[in-house]
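Reviewing the structure listed below.
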Amino acid sequence: MKVGIIGASGYGGVELIRNLYQHPNVSLELLVSSSTQGEQLTAQFPHLHGILALPLDGFDENEIRSQVDILFFTTPAGVAKELAPSFVEKGIQCIDLSGDFRLKRGSLYKEWYKDTPAPKEYLDLATYGLPELYRDKIGKSTFISNPGCYPTAALLGMAPVLQSGLVNFSMPLIIDGKTGVSGAGRKPAKGMMFSEANENTKAYKLGGHRHVPEMEQIAADISGMDSPVIFNPHLVPMTRGILCTIYIQLHETIKHGEVNQLYENFYQDDYFVRVRTENNLPATKDVYGTNFCDIGISIDQRTNVLSVISVIDNLTKGAATQAIQNMNLVNGWNEQTGLDVVPVYP
Ligand SMILES: NC(=O)C1=CN([C@@H]2O[C@H](COP(=O)(O)OP(=O)(O)OC[C@H]3O[C@@H](n4cnc5c(N)ncnc54)[C@H](OP(=O)(O)O)[C@@H]3O)[C@@H](O)[C@H]2O)C=CC1
Ligand SMILES: CC(=O)N[C@@H](CCC(=O)OP(=O)(O)O)C(=O)O
């Protein structure tokens, strides 16, 4: 199948390029960027020299339609909602990595993204692409809304217990997130400069992060209960990686081993989610450059609070490789196709 990427000069785009290049069932045909069109890809990314000789093109709807079967959008919020519908209409598989089609209620998009939502019919049509929770739906869809990076880590970390009946929903779900600077994308920003981010750790967007309604929407869908999410993200001095520490109030005292077993059972058929033991909690380096999400738990027996540690690489399971996992499902290919890589360590 022939693949195109809109937003190919960004971090999500180049991570897609790396992984799609190694995929046996697709060929990279068309790379689109708005400001670097006309340049060779290697002018933006010298590490691809001698590997991929493709130009970065401007956006041309007819050219894209005639050249590709599958189209990825790795563009800022607000772009795919304008561009994707006409490709969906023409039968081109579309996978959007932005937040444009994640929130099913347009009013929530308006409130949190401060922009006009996509038309309702396309919000309804887009399938939320978190494979471990919505594998069957994804397999029947050709229009995928890839989850946000923090929601991927947080929802995979919470899903088994949210469905268990063990949670006391009178308490909010509390999520502490930590991420590296690549989460902010490749465009220059003062707070992401080495001198600002190095040897520094700071909280940001407290109470106002766009991933809050996305987490609440999916948490309610899988638990059947509406529960507010408190989400506090932090920027830490690393390039890649997300670590979420999630605090969940349980109804009653329950042993660590029982909850760990619950998690192991829940993910027993999911190659990309690895449940860890209490004395072996996951770290961001354990999943670096891969599609893995590693999860570990701990229970405070005095308060009955469950702490879940969930780690991913924001650019892979949080974006590009999860999008490829979705592409595999949409096309009926083995989910691991092209994604079977060992984490880079150390
Ligand atoms: N970085 C991450 O960890 C994650 C990112 N995402 C989401 O993925 C999307 C891409 O993120 P990321 O790659 O980090 O961002 P970058 O800023 O690194 O890249 C954005 C890309 O979009 C292109 N672009 C911008 N505006 C337009 C436009 N109007 N038409 C065509 N192309 C355009 C840019 O090209 P040019 O510079 O030439 O304008 C660039 O190639 C965002 O929605 C982001 O929120 C999701 C999960 C994780
Ligand atoms: C460090 C940093 O700024 N990270 C970004 C990551 C979110 C992101 O990439 O946005 P979507 O996944 O919703 O598209 C942030 O917290 O806004």
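Candidates Leu30, Leu16: the one that is at pLDDT 95 or above and either more than 22 Å from Ala80 (Cα to Cα) or in a strand (DSSP E or B) (or both) is Leu30.
Just one of the listed residues (Ser66, Ser86) is more than 16 Å from ligand 1 (Cβ to nearest atom) and either surrounded by 17 or more Cβ atoms within 10 Å (Cβ to Cβ) or assigned to a helix (DSSP H, G or I) (or both), namely Ser66. Considering Lys178, Lys104, Lys90, the condition of being touching a strand residue (DSSP E or B) at 6+ places or on another chain (Cβ under 8 Å) and among the charged types (D, E, K, R) is satisfied by Lys178 alone.
Taken residue by residue, the stretch 138-159 has at least one member that is among the β-branched types (Val, Ile, Thr), touching a residue at least 40 places away in the same chain (Cβ under 8 Å) and under 30 Å from Gly257 (Cβ atoms). Here the condition is being within 20 Å of the chain's Cα centre (by Cα) and surrounded by fewer than 24 Cβ atoms within 10 Å (Cβ to Cβ); of Gly332, Gly338, Gly318, it holds for Gly338 alone.
Taking the condition of a type in the set (Phe, Trp, Tyr), within 16 Å of ligand 2 (Cβ to nearest atom) and either surrounded by fewer than 18 Cβ atoms within 10 Å (Cβ to Cβ) or at pLDDT 95 or above (or both), does Phe231 pass? Yes: the conditions hold for Phe231.
Select from the stretch 91-128 the residues that are part of a helix (DSSP H, G or I) and crowded, with 24+ Cβ neighbours inside 10 Å and list them in ascending order.
Hit for the stretch 91-128 is Tyr109, nothing else.
In the stretch 147-201, the residue that is surrounded by the most Cβ atoms within 10 Å (Cβ to Cβ) out of those that are within 12 Å of ligand 1 (Cβ to nearest atom) and of a type in the set (Lys, Arg) is Arg186. Taking first residues from the stretch 251-264 that are assigned to a helix (DSSP H, G or I) and partners that are exposed (fewer than 13 other Cβ atoms within 10 Å of the Cβ) and aliphatic (A, V, I, L, M), no Cβ contact under 7 Å between residues at least 6 apart in sequence or on separate chains turns up.
Residues that are among the aliphatic types (A, V, I, L, M) and either in the same structural domain as Tyr128 (by TED's automatic domain parsing) or closer than 30 Å to Val344 by Cβ (or both) within the stretch 220-258 comprise Leu235, Val236, Met238, Ile242, Leu243, Ile246, listed in sequence order. Just one of the listed residues (Gly13, Gly38) is within 14 Å of ligand 1 (Cβ to nearest atom), in contact with a Gly (Cβ under 7 Å, 6 or more places away or on another chain) and among the small types (Gly, Ala, Ser), and it is Gly13.
Would you check which residues across the stretch 265-313 are part of a strand (DSSP E or B) and under 22 Å from Val344 (Cα atoms) and list them? Hits for the stretch 265-313 are Val273, Arg274, Val275, Cys293, Asp294, Ile295, Gly296, Ile309, Ser310, Val311, Ile312. When residues of the stretch 294-346 are filtered for being of a type in the set (D, E, K, R) and within 16 Å of ligand 2 (Cβ to nearest atom), how many remain? Of the residues in the stretch 294-346, 2 are of a type in the set (D, E, K, R) and within 16 Å of ligand 2 (Cβ to nearest atom). Identify, from the list Glu335, Glu252, the residue that is of a type in the set (Asp, Glu) and at pLDDT below 95. Matching residue, one of Glu335, Glu252: Glu252.
The values are calculated or read from the model by the stated rules, or taken from the named source; none is laboratory data. The shown structure was predicted, so the numbers you read here are calculated from the model rather than taken from an experiment. Don't worry about glycine lacking a Cβ; one is built from the backbone with ideal geometry, like all the others, and counts go over all protein chains shown.
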